[in-house]
Structure formats: C-alpha cells, structure tokens
1. Looking at (1) in contact with a helix residue (DSSP H, G or I) (Cβ under 9 Å, 6 or more places away or on another chain); (2) within 24 Å of residue 135 (Cβ to Cβ); (3) surrounded by fewer than 17 Cβ atoms within 10 Å (Cβ to Cβ), can you tell me which one residue 99 breaks?
2. Just to be sure, is residue 130 in a strand (DSSP E or B) and surrounded by 14 or more Cβ atoms within 10 Å (Cβ to Cβ)?
3. Those residues that are crowded, with 23+ Cβ neighbours inside 10 Å and either in a loop (DSSP other than H, G, I, E, B) or in contact with a helix residue (DSSP H, G or I) (Cβ under 6 Å, 6 or more places away or on another chain) (or both), I need them from the range 57-95; list them, please.
4. Does residue 101 qualify as being over 20 Å from residue 37 (Cβ atoms) and modelled with pLDDT under 90?
5. Filter the range 96-111 down to the residues that are within 14 Å of the chain's Cα centre (by Cα) and outside any loop (DSSP other than H, G, I, E, B) and list them by number.
6. For the range 109-117, indicate whether the set of residues that are without any contact (Cβ under 8 Å) to a residue 24 or more places away in the chain and surrounded by fewer than 18 Cβ atoms within 10 Å (Cβ to Cβ) is non-empty.
7. Quick one: is residue 44 out of contact with any helix residue (DSSP H, G or I) (no Cβ under 7 Å at 6 or more places or on another chain) and without any contact (Cβ under 8 Å) to a residue 12 or more places away in the chain?
C-alpha cells in the first residue's frame, strides 16, 4: 500500500521546525506488542504514535499502560488532552487520533496518527500496524477527536 503524501495536508505547525514527509512504509505490518516501543520488535498503539511523531522530529512522552487496561488509558488520554489542542479537518499532520474502541465506547482507549487528509496509521492486535481511512464506518463512529500537542501551536 502506498503511503499517503503528507504534503497534501495543511502545512505543519507554524513556527516549529518539523521534518516533512518522513518515510513510514517500514512501519506497516509491525506486530502489535503490548508496551512495545521499538519498531524492530513490536509496537502498541502509543508506541507507534511516538515513533511516527519522532520521525517528524517531535518527541512525545512514553506511556507504558497495558493495552487491556482501557480505563487507565482513558485517564492518561484525559490528562494528555489538557495540554493538547483539538483540531478539525483539515488538520496539520501529524495529529493524534483518539478513538473509543471496545468497552461500550465509554473510554478513549486507542490512539493513532493522522498522516494525510482522512488517513491514519495505528497499531492493533487484530491488524498489526496499518493505514486506515477515517471515513471507514467503524472508525468514523469511534473517533473521539484529533489533537496536536499544545506546545507545538
């Protein structure tokens, strides 16, 4: 699958030196590993978010929360959103995509990265790491929001 071009999205964050259009092709098909932070071994959803942002030259904090602990993930996302800025399409890329998967849609327990208009990359145990469309019926219903780290605005 061809990686969508980030250049089609709005310009990246003003006033911040961010690398443009990093190569993400090697991140497709990486096995899901709970707590995974190394693309050579495996990644969980936040590990993939960190790796994509790192390739844009942005360091995000490590989060080692078990993937099955939806409530703890939700609490951490809630804390993070206090310093994040919500954005609406078309968003600058990269942007953190927050989803409510499982658990009856109560908790924000999954993250991915908007990498092009309407396209995000994420890691799940069921799919490994892959690129999906935000307009897919499953993900469009589960998307809680898109966010930029607040210190980049």
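1. The failed condition is (3).
2. On the way: in a strand (DSSP E or B): yes; surrounded by 14 or more Cβ atoms within 10 Å (Cβ to Cβ): yes.
Yes.
3. Those that are crowded, with 23+ Cβ neighbours inside 10 Å and either in a loop (DSSP other than H, G, I, E, B) or in contact with a helix residue (DSSP H, G or I) (Cβ under 6 Å, 6 or more places away or on another chain) (or both): 93, 94.
4. On the way: over 20 Å from residue 37 (Cβ atoms): yes; modelled with pLDDT under 90: yes.
Spelling it out, residue 101 is indeed over 20 Å from residue 37 (Cβ atoms) and modelled with pLDDT under 90.
5. 96, 97, 98, 99, 110, 111
6. Taking the range 109-117 first, the residues without any contact (Cβ under 8 Å) to a residue 24 or more places away in the chain are none.
No: zero hits.
7. no
The values are calculated or read from the model by the stated rules, or taken from the named source; none is laboratory data. Model, not experiment: these values are computed from the prediction. Every residue, glycine as well, gets a Cβ built from its backbone with ideal geometry; the counts of neighbours run over all protein chains shown.
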